[in-house]
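A.B. asks: I'd like to ask you about the structure that follows.
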Amino acid sequence: MKKFIAALGIMTLVLGCSQIEKSNYPFEPVLPEEVGFSSQKLDSLGAFLEKAGSSSLLILVDGKLAYSWGNIDKKHTVHSIRKSLLNSVFGIYVDNGTIDLKATIKYLNIDDIEPSLTEIEKSATVADVLKSRSGIYHASAATSAGMLRGIPERGSFKPGEKYVYNNWDFNISGHILEQSTGKSLYDLFHTHIAEPLGMSFGNNISTLRNPTETTPIPDSDGFYQYEDDKSKYPAYHFRLSARDLALYGQLYLNEGKWNGKQIISKEWIERSTTPYSIKNERYGIGYGMLWNVLYPTETRKSKSFYHTGLGVHMLGVYPASKLVLIHRVDTEKEFRFSEGDYYKMISMVWGAQMSE
């Protein structure tokens, strides 16, 4: 495993492994102090990550590599970060007129297995679905026990009335994209995002049908997960490296532009990172369209956005700080990194900044 800690007096300190060749790495490494971080505090962060059981962590500041720890090229399942990965491709096809956010589920001829959708549920719009406000609480694939506890009974709320973090909405979002374009969402992601950004995502896709707890995760770039007794629509999973997620985060920090080309519109990024729902008023957390949003408060002057996966993975974009934060854990095997460790990791990252 490659471990990199930038320190005073050298560009990159390599612990026990050879340095990544610059030609294979898209971000220019800089001393942490050049971008406002303390090398000593980042050393402490690295020691914590090792002890807690992380896989990798990346900090980019203004597109430059401020800190890299662990195996940044190893692919893991991204879990719920998949929703933010869909956001980019979805936005491209909203902007070019292929997808109408005002179209209803009924207009799109979408239904599900028995008990099928009611007429009220079918009045939900594509925008409602992306905001996780569809009011459709049908069973869905890849819904964890924890998520299931937060889902109301069918018919509890009308479309648009209430935010509920609900995999039916997220799974059907993938279906709407595929139905509208006639292409696999993975093909679209590969063409529009992975190839232009130079990701290692190779569009090698698998299918799992009715997996059990002992079913192994496919060694592929992504996979559909069908659970036929719950829904006709699969969950779509991605397996990406920390390096690939950093590229993705930087694309959003660049307001959708890459190498002079506007890949995602600035307007879509702004629109989809607008907080349409309040998730946690105390901490200023809302939900946009397929992104969590940290909105401005009395103690926070600017907006940022992020998505987590399984409470331990992190894709964070902080425009005011020009920062992208990526954290990964190998959750495809037994792991010890906890949600408490996740919050400590976040605290240590921001605590590593030097006072002005």
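A.B. asks: Evaluate the following for Ser132: is it hydroxyl-bearing (Ser, Thr, Tyr), farther than 16 Å from Lys232 by Cβ and modelled with pLDDT of 95 or more?
C.D. replies: yes
A.B. asks: Now a separate question. What is the residue count in the range 166-182 for residues that are without any contact (Cβ under 8 Å) to a residue 40 or more places away in the chain and surrounded by 14 or more Cβ atoms within 10 Å (Cβ to Cβ)?
C.D. replies: Residues that pass the stated criteria total 2.
A.B. asks: Kindly indicate which of Gly286, Gly222, Gly309 is without any contact (Cβ under 8 Å) to a residue 12 or more places away in the chain, crowded, with 21+ Cβ neighbours inside 10 Å, under 30 Å from Leu117 (Cβ atoms) and within 19 Å of the chain's Cα centre (by Cα).
C.D. replies: Gly286
A.B. asks: Next up: Which of the numbered conditions does Leu148 fail, given that it passes all the others? Conditions: (1) in a helix (DSSP H, G or I); (2) aliphatic (A, V, I, L, M); (3) more than 23 Å from Phe335 (Cβ to Cβ); (4) free of Cβ contacts under 8 Å to residues at least 40 places away in the same chain.
C.D. replies: With respect to (1) in a helix (DSSP H, G or I); (2) aliphatic (A, V, I, L, M); (3) more than 23 Å from Phe335 (Cβ to Cβ); (4) free of Cβ contacts under 8 Å to residues at least 40 places away in the same chain, Leu148 is out only on (3).
A.B. asks: Report yes if some residue within the range 207-230 is out of contact with any Lys or Arg (no Cβ under 7 Å at 6 or more places or on another chain), of a type in the set (A, V, I, L, M) and at pLDDT below 95; otherwise report no.
C.D. replies: No, the range 207-230 contains no residue that is out of contact with any Lys or Arg (no Cβ under 7 Å at 6 or more places or on another chain), of a type in the set (A, V, I, L, M) and at pLDDT below 95.
A.B. asks: Another question, then. Just the residues that are aliphatic (A, V, I, L, M) and either buried (at least 20 other Cβ atoms within 10 Å of the Cβ) or over 25 Å from His79 (Cβ atoms) (or both), please, taken from the range 254-271.
C.D. replies: Ile264, Ile269
A.B. asks: Condition first: buried (at least 19 other Cβ atoms within 10 Å of the Cβ), polar (S, T, N, Q) and not in a strand (DSSP E or B). Now tell me which residues in the range 72-111 satisfy that.
C.D. replies: Selection gives Ser80, Ser84, Asn87, Ser88.
A.B. asks: Taking the condition of a type in the set (Asp, Glu), more than 17 Å from the chain's Cα centre (by Cα) and outside the structural domain of Gly198 (by TED's automatic domain parsing), does Glu281 pass?
C.D. replies: yes
A.B. asks: OK, next. Within the range 304-356, how many residues turn out to be closer than 24 Å to Lys64 by Cβ and part of a strand (DSSP E or B)?
C.D. replies: 17
A.B. asks: Need the failing condition index for Met199 against (1) farther than 21 Å from Ser140 by Cα; (2) of a type in the set (A, V, I, L, M); (3) not in a loop (DSSP other than H, G, I, E, B), just the number.
C.D. replies: (3)
A.B. asks: Since Leu208 meets every condition but one in (1) closer than 27 Å to Tyr137 by Cα; (2) aliphatic (A, V, I, L, M); (3) under 18 Å from the mean Cα position of the chain (by Cα), which condition does it not meet?
C.D. replies: (3)
A.B. asks: For the range 177-189, name all the residues that are part of a helix (DSSP H, G or I) and more than 19 Å from the chain's Cα centre (by Cα).
C.D. replies: Result: Glu178, Gln179, Ser180, Thr181.
The values are calculated or read from the model by the stated rules, or taken from the named source; none is laboratory data. Keep in mind that this is a model prediction, so the values were computed, not measured. No Cβ is skipped: glycine too gets one built from the backbone with ideal geometry, and neighbour counts run over all protein chains shown.
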